[in-house]
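*Asks:* Below: one structure in structure tokens.
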Amino acid sequence: MILKKIIDYYQNQIENIRKMPNGQIKRNAIGALVADIGGNCISAVAKELGSCWRYVKKCYEEYLEPPPAKTENRGRKSIQESHPDIEEDIEKIIREDACCDPGFKHEWRYVRLTAKEIANRLVASGKYTEENCPSETIIKKLLKKLKIKLKKVQKTKPIKKIAETDAIFENVKERKEACMGDGNCVLISIDTKDRVAIGDFSRGGYSYNEVKALDHDFKSEFVTPFGILDLKTDTPHFYNVESKVTAECMVDSIEDFLLTNYIYKEALFNKLAITSDNGPENSSSRTYFIYALIMLAIKYNIEIELIYYPPYHSKYNPIERIWARLENIWNGSLLSSLKVVCNFMKNLTWKNIKATVKSVTKEYKTGLKIKKKDLDQLKAKHVTYTKGIEKWSLIIRP
């Protein structure tokens, strides 16, 4: 009778123990309850909890004398314990495929093998089986520990600077300043943009409006913009060429620019200075480009100066900034027709001045050449090169 009253007194505690999930916490609670009531109440407590008295007794005994914690052989073994030679084996496999750190700070830096290939080679060595071979995740961690990184295949990087770079930049600065101060000189920057696909194709841009592009880019129609930036008036001029932009096409566009903006307007000028990169169609070694400019100089009795930027530094050419602005304007839209392309160009402003746009439908032939003997005769008479940087600075006189 007394024991029942005691059990009733601990009823709330008993209810809480019943709701506990099986585990160490529950066993500790049962042991504490028996110790609180007294060791003679094991059977009564077991009956109230609906458990075996042996289980309750064991909980009580564990509560009085907790067993020592078992720390050994717990958890997953490290890969080095089960495979003590794993790091050495991986080094042997990658030795022939590893690359040195470019800064020579560490012998192992890059490896052309994937983790899966390394695992296959470990199995092929006969020392490991498919069952006990480390997983790809573990191999990647070991490679990281060995300071070995999986490196994406990259193209060979070109030389970023030639010996004449500083001299060329100095020449560009001097010639541009001289041309800007010459009231009779027209100074322009020219460049050809990558051809633009016409159609409902995504250009990787973003738009606040929902724009849906075709899921496959089957491009069949293209236009190639040739740009001229008048550095004195800050006016951009675009010539959208439907065929190849050849040396002949460039010179024809330059002539049209002069006729439209200076000659027909009877503007006084006797010199044209052109800044550009040394591209394949407009370089100083492109025979037809030089020939066509000599003919242009003779035709209009003007002096033409070519001012080239150093190799790998075409980004300094002023018109490159025009291309960047154009890409930012139309990248989130669909260039579904040539008219749409032209409208984007017409709406482009540079220093609050709108661009002019023309379409060039003439079909230009590629591979036009001039005989070296004939060109050498013209050069001797009309072309003067800047000493030391002949390839990047020259003047054509009528």
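*Asks:* Going by what's in this entry, would Tyr55 be described as surrounded by 11 or more Cβ atoms within 10 Å (Cβ to Cβ) and modelled with pLDDT of 85 or more?
*Replies:* Spelling it out, Tyr55 is indeed surrounded by 11 or more Cβ atoms within 10 Å (Cβ to Cβ) and modelled with pLDDT of 85 or more.
*Asks:* Still on this structure: Answer yes or no as to whether Lys391 is closer than 30 Å to Pro225 by Cβ and either in contact with an Asp or Glu (Cβ under 6 Å, 6 or more places away or on another chain) or in a loop (DSSP other than H, G, I, E, B) (or both).
*Replies:* So Lys391 fails the test.
*Asks:* Go over the candidates Lys271, Lys299, Lys315 one by one and state the one that is modelled with pLDDT of 90 or more, surrounded by fewer than 17 Cβ atoms within 10 Å (Cβ to Cβ) and more than 18 Å from Met345 (Cα to Cα).
*Replies:* Lys299
*Asks:* Let me ask something else. Within the stretch 137-160, identify whether any single residue is more than 30 Å from Thr114 (Cα to Cα), assigned to a loop (DSSP other than H, G, I, E, B) and modelled with pLDDT of 75 or more, and answer yes or no.
*Replies:* No, because not a single residue in the stretch 137-160 is more than 30 Å from Thr114 (Cα to Cα), assigned to a loop (DSSP other than H, G, I, E, B) and modelled with pLDDT of 75 or more.
*Asks:* Given the conditions (1) modelled with pLDDT of 85 or more; (2) surrounded by 18 or more Cβ atoms within 10 Å (Cβ to Cβ), and given that Cys41 satisfies all but one, which numbered condition is not satisfied?
*Replies:* For Cys41, the exception is condition (1).
*Asks:* Let me ask something else. For the stretch 202-286, give me every one of the strands (runs of 3 or more DSSP E) that falls completely inside it and has 2 or more residues that are closer than 22 Å to Ser336 by Cα and under 32 Å from the mean Cα position of the chain (by Cα).
*Replies:* 222-230, 235-241
*Asks:* Is one or more of the residues making up the stretch 343-364 assigned by TED's automatic domain parsing to the domain that holds Ile198, of a type in the set (Gly, Ala, Ser), part of a strand (DSSP E or B) and in contact (Cβ under 8 Å) with a residue 12 or more places away in the chain?
*Replies:* Yes, the stretch 343-364 contains a residue that is assigned by TED's automatic domain parsing to the domain that holds Ile198, of a type in the set (Gly, Ala, Ser), part of a strand (DSSP E or B) and in contact (Cβ under 8 Å) with a residue 12 or more places away in the chain.
*Asks:* How about the stretch 7-61: which of its residues are assigned to a helix (DSSP H, G or I) and among the aromatic types (Phe, Trp, Tyr)?
*Replies:* Tyr9, Trp53, Tyr55, Tyr60
*Asks:* Please name all residue pairs, on different chains or six or more residues apart, with Cβ atoms under 9 Å, provided the first residue is in the stretch 177-200 and is more than 19 Å from Val251 (Cα to Cα) and the second residue is modelled with pLDDT of 90 or more and among the small types (Gly, Ala, Ser).
*Replies:* Taking only residues 6 or more apart or on different chains, the pairs are Ala178/Ala273; Cys179/Ala273; Asp182/Ala273.
*Asks:* How many of the residues in the stretch 286-308 are β-branched (Val, Ile, Thr), in contact with a strand residue (DSSP E or B) (Cβ under 6 Å, 6 or more places away or on another chain) and under 16 Å from Ala247 (Cα atoms)?
*Replies:* The number of residues fulfilling the criteria is 2.
The values are calculated or read from the model by the stated rules, or taken from the named source; none is laboratory data. Everything numeric in this text was worked out from a predicted model, so none of it was measured. With ideal geometry, Cβ positions are generated from the backbone for all residues, glycine too; neighbour counts draw on all protein chains shown.
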